[in-house]
Amino acid sequence: MKQKYQFTAFLLFVVAAGAILFVRLYGRGSTAAEDEKLKVVTSFYPIYIAAANVAGDCEGIEVVNLSEPQTGCLHDFTLTPKDMQLLSTADLFLINGGGMETFLEEVALQYPSLAIAETADGLLDGDNAHVWMGIAKYRAQAGAVLDALIGIAGEYQEELKANAAGYDAKLAGLQSQQEELKNAISGSKIISFHEGYEYLAADYGLETVFTLDLDEERQTGAGEVADVINAVKNDGADVIFAEELYGSEMVQTVQREADVKVCFLDTLVRGDYSLDSYINGMQENIDILKNAFIPSGANVSSGK
């Protein structure tokens, strides 16, 4: 009987040892597979969406976003130890540039050998960094993303180029709608409550008669309210462009004093991580503008 128990104990020991060995080997294999991937870190939402579309299902590239998808613009973003740890594992850091990433100097000092690609390089109008709000400029940004990815992963360039071409075709479809709408509304006067709408206005040939850049830190005074109302009544502004998150209170104040249409437009810095989120958000903006500027029944096509 004693020998029987000893034999059973021996079998259990062998099974347990085998299980531990299997887990260790499997775990090492999984880690090795992950380590073999090139890690691309993006600074915030619109850059992530472009990179995710260009990388697609490429098995050798992993795309990770630094900031949360609901962070919005990065003007006041502060790096955490977790963020720095992520950047320490990156092979490439894709950013917007133009001053959007205020923490960039800190990253460059901490990781001087980290490859950093500014996707908005050469695309800015003045010091306005919100270039993704212009479809043609966002197409150029996606092209810069492609170049940067090929730079670190040239062996996947054919797959990356095919992915980029597919995404660019979708963006070209949006731009085609935009050009058609521009022919109908160019020259109209607007008021802008967000700096990023300047690129949108330029795309449609609109004249911005007054700009008030609103965000969570911005406090408006009675004088600025009066300036907006004057722009409606005296400068002939037809429509206000506003972000609902920060502009709705000002809009309500102005509409009590002046008759003006309002377009609450997506600034495309928040959302889920779906690959078509930029496409869908910009399509919604196009449809909102169409409804605001074009009389019902007018012959302007929709992408929907």
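Quick look at the values:
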| quantity | calculated |
| --- | --- |
| The stretch 87-99 residues that are open to solvent by less than 40 Å² (accessible area, probe 1.4 Å), paired with ones that are of a type in the set (S, T, N, Q) and outside any loop (DSSP other than H, G, I, E, B) (beta carbon under 6 Å, 6 or more apart) | 94/42 |
| Total residues in the stretch 127-146, condition in contact (Cβ under 8 Å) with a residue 40 or more places away in the chain and either touching a Phe, Trp or Tyr at 6+ places or on another chain (Cβ under 8 Å) or over 13 Å from residue 203 (Cα atoms) (or both) | 12 |
| Counted residues, the stretch 236-259 - those being acidic (Asp, Glu), closer than 15 Å to residue 292 by Cα and touching a strand residue (DSSP E or B) at 6+ places or on another chain (Cβ under 8 Å) | 1 |
| Residues of the stretch 124-133 satisfying the condition of being among the aliphatic types (A, V, I, L, M) and surrounded by fewer than 21 Cβ atoms within 10 Å (Cβ to Cβ) | 124 |
| Qualifying residue in the stretch 208-223 (condition: touching a residue at least 40 places away in the same chain (Cβ under 8 Å) and within 28 Å of residue 120 (Cβ to Cβ)) | yes |
| Filter result for residue 121 (open to solvent by 40 Å² or more (accessible area, probe 1.4 Å) and outside any helix (DSSP H, G or I)) | yes |
| Hits in the stretch 34-61 - residues which are closer than 16 Å to residue 164 by Cα, part of a strand (DSSP E or B) and not hydrophobic (A, V, I, L, M, F, W, C) | none |
| Residues of the stretch 151-169 classified as without any contact (Cβ under 8 Å) to a residue 12 or more places away in the chain and among the charged types (D, E, K, R), total | 1 |
| Count of residues meeting criterion [at pLDDT 95 or above and touching a strand residue (DSSP E or B) at 6+ places or on another chain (Cβ under 9 Å)] in the stretch 193-203 | 6 |
| Residue among 136, 108, 140 that alone is open to solvent by 20 Å² or more (accessible area, probe 1.4 Å), in a helix (DSSP H, G or I) and at pLDDT below 95 | 108 |
| Per-region count, the stretch 260-297, residues over 29 Å from residue 229 (Cβ atoms) and either more than 23 Å from the chain's Cα centre (by Cα) or not in a loop (DSSP other than H, G, I, E, B) (or both) | 8 |
| Subset of the stretch 75-86 [under 24 Å from residue 60 (Cβ atoms) and loosely packed, with under 15 Cβ neighbours inside 10 Å] | 85 |
| Among (1) more than 22 Å from residue 294 (Cβ to Cβ); (2) open to solvent by 10 Å² or more (accessible area, probe 1.4 Å); (3) without any contact (Cβ under 8 Å) to a residue 40 or more places away in the chain, the one test that residue 270 misses | (3) |
| Pair list, Cβ under 6 Å, 6 or more apart: the stretch 170-189 residue under 16 Å from residue 143 (Cα atoms), other residue at pLDDT 95 or above and not in a helix (DSSP H, G or I) | none |
| Selected residue [at pLDDT 95 or above and either aromatic (Phe, Trp, Tyr) or under 21 Å from residue 196 (Cα atoms) (or both)] from 61, 49 | 49 |
| Residue check for residue 102: closer than 22 Å to residue 294 by Cα and open to solvent by 20 Å² or more (accessible area, probe 1.4 Å) | no |
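The values are calculated or read from the model by the stated rules, or taken from the named source; none is laboratory data. Since this is a predicted model, take the numbers as computed values, not measurements. When we count neighbours, we look across all protein chains shown, and the Cβ atoms used for this are built from the backbone with ideal geometry, even at glycine. Ligands, DNA and RNA are excluded from the accessible area calculation, which covers all protein heavy atoms including side chains. Shrake-Rupley method; radii C 1.70, N 1.55, O 1.52, S 1.80 Å.
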